[in-house]
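Read through the structure below, which is laid out as structure tokens, and then see the notes.
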Amino acid sequence: MILKKIRLMSLGLLLSIGNFVYCQELLPELYDSSLVSHQIVMNGNAFQHASSLINEVSRKIIFGGAISDELTQRVYEKQNDYNRIGGVANFSIAYKAASKIFKSKPNWGWMVNFSSEAHGYAEYSGDILGLAMLGNKQFLGETVGLGNTYVKSVRFLSLGGGIHDRKTKNFITLNAILPQSFFQLSVDRGSVSFSEDGSEIDMILNARLTEESNEYDIKGLGGALNFDFHFPFAVSESFNGVMKISGRNLGVYHLRKAVHQKVASDISYSGFQIQDFMNDTEMTTLKDTLGVRESISSTTQLLPGFIQIGKMVSAHSKTKLQSTFGVRMYTNIVYRPMVYAGIHYQPFTALSFGTQATFGGYGNFRLGLYANYALENIMIGVGTEDILGAFLISQYGHSGLIRLAWKF
């Protein structure tokens, strides 16, 4: 079971995140300090990003298509000793009311928000991907390293409420987290050595696998904070604006029932080829041979939270060109801090465009484009954080974003 997960999850699950259809609030937002009444805001985004896996392969796995031996070999040769891949999917909607909740704070109102999210990410060695895509022929007489492999995916609903400031646009909400699925694989130490003819292997494996129980639709309960805080600044007459600190899903959740499997083995095994691991009977035999210990218990996990600190775009700026920059982070062990910088251009009051370059995260460099159209009460923004990935199969990811806001 464990080895099957290593082989399949290193390729299949890691790329299936590209099927997500929603995500986090990453579109540059127009900061408007004018007092607003009721407001509904919707955000949607999907992205998949990798450090070493090109779109030519990920698209075939996501959308279907044959992967040739030549492409497989070329992709394997592009892998590094350490590789990352990940993606996020989210749809969120928030309602901000104009009703006062404190007499002493006339601009404070109440708000509610809902989101549906899915996160998937992994780190893996190039050898594991090679074993998954090429089979064991490529590694006869060699040793494949399995250590330092980590795969995790979680899907959950979030429902909460709190207070917002109609003038500053600051808000804070407390949210109930309802986990729907969970998977985590961690290989702390491991290797597989194949004989010259592939008939025998020596395996060292120290791994842990945790999955949610299928007994419940809602797997547990958790809590999290969401917030936005805005800080106007003026370094000089030409350099001023508003800095924004955002947090989403900063909290924990508890799975009421999870299946844990652990293995710590040093064995020799013979009489099979690597393809046999796809056979359920062979997998049962291998599981017994490895001495997999299985248990069922609850577990508490940290949510994949989101933090961003950056300069916003001011809706009422007198200049047509404005800068944006900052840093963002997901609270998981695979994501690396992402820095971004961009230029916002507003030729007309209702229409604006922008471009943004990013580096870090689950991969390396990306270039994004976006457009905003705003009337008195309605705003729509669309964009991508990976415009090159949309057209080039040599790139390492995909991204799509949309934002809708209605004031009334």
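Taken together, the values in this text are just the output of simple stated rules run on the coordinates, not laboratory data. Since the structure is predicted, the reported quantities are computational estimates derived from the model, not experimental observations. Don't worry about glycine lacking a Cβ; one is built from the backbone with ideal geometry, like all the others, and counts go over all protein chains shown.
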Query raised in the report: If you put +1 on each Lys and Arg Cβ and -1 on each Asp and Glu Cβ, how big is the dipole of segment 2-407 around its Cα centre, in Debye rounded to 20?
Result: 2180
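Work out, step by step, the length gained on full extension between residue 341 and residue 33: first 0.36 nm times the residue separation, then minus their alpha carbon distance; give nm to one decimal.
Fully extending the segment from residue 341 to residue 33 adds 108.6 nm.
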Query raised in the report: Going toward the positive end of the dipole of the chain, with +1 on Lys and Arg Cβ and -1 on Asp and Glu Cβ, which of 367, 309, 356 do you reach last?
Result: 309
Report summary line: Note, segment 98-107: 3J(HN,Hα) by Karplus (6.51, -1.76, 1.60, θ = phi - 60°), whole Hz, Gly/Pro = x, goes 8, 5, 6, 10, 9, 4, 6, 10, x, 8
Report task. For segment 206-242 and segment 303-325, write down the distance between their C-alpha centroids in whole Å. Result -> 18
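Set the Förster radius R0 to 51 Å, insert the Cβ-Cβ distance between residue 93 and residue 140 as r into 1/(1 + (r/R0)^6), and round the FRET efficiency to 0.05.
Approximately 0.40, to the nearest 0.05.
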Report task. Go through 96/152; 219/262; 105/320 and tell me which ones have a Cα-Cα distance over 27 Å in this structure. Result -> 96/152; 105/320
Requested in this report: Obtain the nm distance between the two label points defined at residue 174 and residue 319 by a simple spin-label model: each point lies 7 Å from its Cα along the Cα-to-C-beta direction.
Outcome: 4.2
Report task. With unit charges on the beta carbon (Lys/Arg positive, Asp/Glu negative), name the residue among 298, 406, 50 whose Cα is farthest towards the positive pole of the charge dipole of the chain. Result -> 406
Query raised in the report: Under the definition of Cα pairs under 8 Å and six or more residues apart, what whole-number percent is the relative contact order of segment 2-407?
Result: 16
Query raised in the report: Near the amide H of residue 219, under 5 Å away, which other amide H atoms are found, from residues 5 or more places off or on another chain, if H is placed in the peptide plane?
Result: 180
Requested in this report: Only helical DSSP H runs with n ≥ 4 go in: add -39500 (n - 2.57) per run for the chain, normalise by residue count and round the 222 nm mean residue ellipticity to 500 deg cm²/dmol.
Outcome: -3500 deg cm²/dmol
Report summary line: By the mean-Cβ-within-10 Å protection proxy, highest first, 181-194, 82-95, 211-224 rank as 82-95, 181-194, 211-224
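Once the piece of chain linking residue 302 and residue 181 is laid out straight, how much longer is it, given 0.36 nm per residue of separation minus the C-alpha distance between them?
Additional length available on full extension: 42.1 nm.
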Requested in this report: Rank-order 371-379, 151-159, 106-114, 242-250 by packing density, defined as the average count of other C-beta atoms within 10 Å over each peptide's residues, highest first.
Outcome: 151-159, 242-250, 106-114, 371-379
Requested in this report: Compute the label zone of residue 199 within segment 116-149: residues whose backbone N is under 19 Å from the point 7 Å along Cα-to-Cβ.
Outcome: 136-142
Query raised in the report: Considering the values [x] 27, 60, 13, 0; [y] 27, 54, 18, 1; [z] 25, 50, 21, 4, 0, which represents P(r) over Cα pairs in 20 Å bins from 0, in percent as calculated for the structure under consideration?
Result: [z]
